[in-house]
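Everything below concerns the one structure shown next.
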Amino acid sequence: MINVKEMQSPEDFANILRTHGMDLPVEESMEELRKPISVGGKTIPNRICIQPLEGYDSCIDGAPSDLV
């Protein structure tokens, strides 16, 4: 399990990724996320996205349903 508290720097994050078999590029700068990107004929002003959240996917008692 990855402990987020262990990550104090981008290099720490890269080391944790490698430990788990993921050799992915890690950048210290966040400038790339601020650049526009074209997707499906549309231009998005930046590269930061969050998946929309849905509601009412749990059972009446709050337990996860099949939709979750």
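So, in the range 18-31, of the ones that are on the phi < 0 side of the Ramachandran plot and over 15 Å from the mean Cα position of the chain (by Cα), which residue ends up modelled with the lowest pLDDT?
It comes out as 28.
Quick one: in the range 42-62, which of the residues that are surrounded by 10 or more Cβ atoms within 10 Å (Cβ to Cβ) and outside any loop (DSSP other than H, G, I, E, B) is modelled with the highest pLDDT? Let's see the steps before the verdict.
Narrowing the range 42-62 to residues surrounded by 10 or more Cβ atoms within 10 Å (Cβ to Cβ): 44, 46-47, 49, 57-59.
With the extra rule that they be outside any loop (DSSP other than H, G, I, E, B), the set shrinks to 44, 58.
On the way: 44: 93, 58: 79.
Per the stated criteria, the residue is 44.
Taking the range 5-33 only, how many residues are of a type in the set (Val, Ile, Thr), in a helix (DSSP H, G or I) and touching a helix residue (DSSP H, G or I) at 6+ places or on another chain (Cβ under 9 Å)?
Within the range 5-33, residues that are of a type in the set (Val, Ile, Thr), in a helix (DSSP H, G or I) and touching a helix residue (DSSP H, G or I) at 6+ places or on another chain (Cβ under 9 Å) number 1.
Among the residues of the range 16-68, write down those that are within 30 Å of residue 5 (Cβ to Cβ) and of a type in the set (Gly, Ala, Ser).
Selection gives 21, 29, 58, 62, 63.
The values are calculated or read from the model by the stated rules, or taken from the named source; none is laboratory data. Predicted, not measured: the structure shown is a model, and the values here were computed from it. Heads up, the Cβs are rebuilt from the backbone with ideal geometry, glycines too, and the neighbour counts pull from every protein chain shown.
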